[in-house]
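Down below is the structure, laid out as structure tokens.
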Amino acid sequence: MNQHDADLERQEREAIQAEGVGSSCEREAIGWALAGHPVIPVWWPEPDGSCACGNPHPGPESRNIGKHPITELVEHGVSEATRNAILIGRWFRKFPDANYGIQVGKRFVVLDFDSETSLARFKRALAELGIVLPVTIIVRSGRGFHVWLSVPENVEIAAPDFIETVKHGNAYVIGPGSLHVSGRRYKRVTPRGTPIGACPPALLERMTRRGPRGPVVRTGGKVPAGNRHAVWVSFAGYLHNLGLDREQKIHLMLALRDCAFENPTEKPESKAREIADWYEDKEISHRVTRQPA
Ligand SMILES: [Zn+2]
């Protein structure tokens with residue numbers, strides 16, 4: 001960065017501090033960015049229900065009103081999502097009424113329900129499957145809800161039939177504070193500061209195309225080679241949901257290995273630690289699944 005740019009950034013930062021940040025959208029967008037989630041500027045709905053971009057959105061396209069990227073600022077849309085608060089501040093000074101989108105990223109999924117009814121159907125399915133959702137960020141959207149969950153980094157995600165849409169990777173969701181065409185603002189349901197909870201392993205299994213490598217083959221009670229990793233991940237998730245700490249999880253995972261795994265020496269303690277670490281600290285989630293089972 002040259003001196004001129006550095007001066008400009010300092011002045012902008014001072015201006016932001018002096019004035020307080022403008023709209024609630026801008027504060028929210030910067031909050032997400034500082035928490036590690038890249039954001040993009042998005043058009044907003046006008047009071048008459050039209051899209052601020054000025055283009056008509058006829059027929060099925062009307063679902064994009066107030067939801068698509070301001071390409072004047074981010075030519076390539078969500079691929080240009082940023083965590084740079086200074087840049088975000090510039091966007092909002094150019095378009096003070098802008099909405100914003102949050103890039104979901106590879107380490108998260110957002111379960112997108114477009115109505116109370118679809119959320120209720122999801123909750124019934126979870127109850128039937130015995131899956132308990134962790135405490136996590138939930139946002140009320142225009143008509144439905146967004147549920148954020150963290151996942152290991154290199155899984156391929158697909159929506160099971162009891163979830164309408166699962167957003168993942170380069171997809172984005174409209175962030176809380178943004179205005180919906182209905183006149184409602186997207187709003188956090190869970191308190192500010194709520195962490196994004198880890199996706200329960202049983203739910204993750206139903207959202208991954210690859211899934212576990214077939215059913216566990218019964219071999220006199222021992223878990224065979226092809227299933228050991230999946231069993232460890234599920235077991236660690238179960239222990240995590242019970243509230244056990246990292247060392248307790250590792251201890252019990254090793255106990256399970258020693259009494260129930262075929263060829264237990266092939267699964268070193270370091271692998272158990274990696275899995276436990278994913279639940280403890282999702283920053284290093286990628287290490288879990290990059291290791292072949
Ligand atoms: Zn538009």
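Points worth noting:
- Candidates Gly130, Gly197, filtered to the one that is closer than 27 Å to Ile275 by Cβ and out of contact with any Ser or Thr (no Cβ under 9 Å at 6 or more places or on another chain): Gly130
- Within segment 48-70, considering residues that are within 20 Å of Lys94 (Cα to Cα) and free of Cβ contacts under 8 Å to residues at least 12 places away in the same chain, the one nearest to the ligand (Cβ to nearest atom): Asn55
- Phe108 meets the conditions (1) modelled with pLDDT under 95; (2) outside any loop (DSSP other than H, G, I, E, B) in every case but one. The failed one is (1).
- Some residue of segment 97-106 being touching a residue at least 12 places away in the same chain (Cβ under 8 Å) and over 30 Å from Glu72 (Cβ atoms): no
- Residue in segment 128-139 that is within 16 Å of the ligand (Cβ to nearest atom), assigned by TED's automatic domain parsing to the domain that holds Ile157 and in contact (Cβ under 8 Å) with a residue 40 or more places away in the chain present: no
- Here the condition is being at pLDDT 95 or above and surrounded by 14 or more Cβ atoms within 10 Å (Cβ to Cβ); of Val139, Val155, it holds for Val139 alone.
- Extreme residue, surrounded by the fewest Cβ atoms within 10 Å (Cβ to Cβ), among residues of segment 158-186 that are part of a strand (DSSP E or B) and hydroxyl-bearing (Ser, Thr, Tyr): Thr165
The values are calculated or read from the model by the stated rules, or taken from the named source; none is laboratory data. The structure displayed is predicted, hence computed values, not measured ones. No Cβ is skipped: glycine too gets one built from the backbone with ideal geometry, and neighbour counts run over all protein chains shown.
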